[in-house]
1. Using 7 Å Cα-to-Cβ label points, what is the Ala161/Gln200 separation (nm, one decimal)?
2. On average over all directions, what projected area in square nanometres does the stretch 119-231 have, based on the convex hull of its Cα atoms?
3. May I ask you to rank Thr175, Thr139 by accessible area, largest first, using a 1.4 Å probe over the protein chains only?
4. Which percent of Cα-Cα pairs in the stretch 19-149 sits in each 10 Å bin, short to long?
5. Beyond 27 Å, what share of the Cα-Cα pairs of the chain remains, rounded to the nearest whole percent?
6. How many nm is it between the label spots at Ser137 and Arg189, if each spot is 7 Å from the Cα in line with the beta carbon?
7. Considering the chain as a Gaussian network with a 10 Å cut-off on Cα pairs, which listed residue, Thr140, Thr106, Thr76, attains the greatest mean-square fluctuation?
8. What list of ³J(HN,Hα) values in whole Hz, one per residue of the stretch 126-141 in order, does the Karplus curve 6.51 cos²θ - 1.76 cosθ + 1.60 (θ = phi - 60°) give from phi, with Gly and Pro shown as x?
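The values are calculated or read from the model by the stated rules, or taken from the named source; none is laboratory data. What you see is a predicted model; the values in this text were computed from it and never measured. Note: ideal-geometry Cβ built from the backbone for every residue, glycine included; neighbour counts use all protein chains shown. Side chains included, ligands, DNA and RNA excluded: accessible areas come from the protein's heavy atoms. Shrake-Rupley method; radii C 1.70, N 1.55, O 1.52, S 1.80 Å.
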Amino acid sequence: MSRRPLVAGNWKMFKTRGEALAFADGLKQGLGTSGDVEIAICPPFTSLDVLASAFAGSGVGVFGQNGHEDANGAHTGEISMEMLVDAGASGVLLGHSERRADNNETDQALARKVPAALAAGLTPVLCIGESEFERDSGTTKAVLDRQVLEGLSGVAIGDFAKVVVAYEPIWAIGTGKSATPEIAQEAHRWIRDQLREICQDAADQIRILYGGSVKPENAAELLSQPDIDGALVGGAALEPDSLLAIAAAATS
Ligand code: PEP
């Protein structure tokens with residue numbers, strides 16, 4: 001089963017709109033060198049619409065970093081899936097470990113957000129991953145099971161193939177200490193096996209991205225693993241050249 005790789009850049013809380021536009025110019029100049037790979041940028045909300053316009057017709061997608069499950073309402077500081085679509089987004093990160101830690105985002109909340117994203121026509125990227133303590137205490141697989149089963153519990157069987165899962169071990173995010181290709185592949189295989197329990201053959205269509213200190217230097221080895229279908233990239237997604245090098249590695 002061939003799955004089109006997806007390389008998504010998570011900008012977190014970086015870049016003004018002017019900086020985002022300068023990045024878009026640089027990225028567009030290098031497109032075409034990276035093969036058949038889907039590229040998406042996840043900027044702060046303020047840059048969604050300018051980036052969506054800058055990337056129009058280029059094939060580069062723009063994703064939100066979070067979305068609320070309600071279409072609108074009294075939720076100060078939140079933004080709905082419909083608003084993301086209105087701003088030009090085609091996907092949304094959900095459950096990033098920084099949001100789980102900083103905003104107390106629970107598996108139960110994610111179980112509502114993922115179907116809301118799908119209903120709005122967005123590609124949901126459900127982020128999961130264990131902490132260093134959980135890995136050291138041997139509970140990684142139990143943690144991944146819980147995050148996958150609960151986070152995706154609201155998805156209709158026919159929608160599973162549209163879901164993207166990002167495996168991001170927390171100990172590898174922003175630390176420079178990426179998982180080895182073997183550790184990452186073992187986790188991805190485990191996740192796909194769990195997905196098969198809940199959505200049968202659609203598990204083979206679900207893209208599972210690896211995230212955690214992906215750089216041009218380690219991307220090819222990670223992305224050549226059979227169950228790694230792309231990358232969610234933080235720090236190395238802030239410069240066009242390094243993101244393009246990672247995208248090229250996804251198809252090499
Ligand atoms: C992330 O923020 O999702 C991430 C993987 O960051 P980094 O690539 O910097 O580790």
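1. Result for the modelled spin labels: 1.3 nm.
2. Working: hull surface 27.9 nm².
The number I arrive at for the stretch 119-231 is 7.0 nm².
3. Working: Thr175 75, Thr139 55 Å².
Sorted by accessible area, descending: Thr175, Thr139.
4. 12, 37, 30, 19, 3
5. Numbers: 9373 of 31626 pairs.
The proportion of pairs with Cα distances above 27 Å equals 30 percent.
6. Taking the two extended label points, one gets 2.7 nm.
7. Thr76
8. Going residue by residue, I get 7, 8, 9, x, 8, 7, 4, 4, 5, 5, 5, 8, x, 10, 3, 5 Hz, with x marking Gly and Pro.
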